[in-house]
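What follows is a set of notes on a single structure, which appears directly below.
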Amino acid sequence: MKPVVDLRTYTIALRRIPEFLEIFDRLAMPVQLRHLNPPIGFYVSDLGPLNQVVHLWEYDSLADMERRCEARNADPDWPAYLKASGSLIVAQENRIVRRALLPSVTGREG
């Protein structure tokens, strides 16, 4: 796993998660995969705050993340996703987290 992770939580309009996931997979994911590494994970909330989609993306550094995101944002196909998803996303929270090196888990995946 890379040392920097962008943890994104999107709150989606009530009963519209299936629509959001279809749009994301069809319009955003191809662009994301051209410019970012594949996501570490992609999840929907089941307990706790509902109507949320959580996805994680890993990077070598903040500079690597900024460079890749700038390339994604400049991609001519990116605006189609932004337009199609705009009315579905109620709130968005992005966190940058860094790997904590613990001797008990170093070298283990998962």
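The values are calculated or read from the model by the stated rules, or taken from the named source; none is laboratory data. Here the structure is a predicted model, which is why all the values come from computation and not from measurement. Please note: Cβ atoms are built from the backbone with ideal geometry, for glycine as well, and neighbour counts cover all protein chains shown. When the accessible area is computed, the model is the full protein with side chains, heavy atoms only, and any ligands, DNA or RNA have been set aside. Shrake-Rupley method; radii C 1.70, N 1.55, O 1.52, S 1.80 Å.
Odds and ends about this structure:
- Residue in the stretch 60-75 that is in contact with a Gly (Cβ under 8 Å, 6 or more places away or on another chain), modelled with pLDDT of 95 or more and not in a loop (DSSP other than H, G, I, E, B) present: no
- Per-region count, the stretch 28-52, residues open to solvent by 40 Å² or more (accessible area, probe 1.4 Å), out of contact with any strand residue (DSSP E or B) (no Cβ under 7 Å at 6 or more places or on another chain) and either more than 18 Å from L82 (Cβ to Cβ) or in contact (Cβ under 8 Å) with a residue 40 or more places away in the chain (or both): 9
- The one condition in (1) free of Cβ contacts under 8 Å to residues at least 40 places away in the same chain; (2) within 14 Å of the chain's Cα centre (by Cα); (3) open to solvent by 80 Å² or more (accessible area, probe 1.4 Å) that R68 fails to fulfil: (3)
- Residues within the stretch 1-27 that are open to solvent by less than 90 Å² (accessible area, probe 1.4 Å) and closer than 18 Å to Y59 by Cβ, tallied: 8
- Candidates in the stretch 9-53 are the residues that are assigned to a helix (DSSP H, G or I) and among the charged types (D, E, K, R); of these, the one that is farthest from R68 (Cα to Cα) is E19.
- Leading residue by the ranking (most open to solvent (accessible area, probe 1.4 Å)) among those in the stretch 74-96 that are without any contact (Cβ under 8 Å) to a residue 40 or more places away in the chain and within 23 Å of I17 (Cα to Cα): K83
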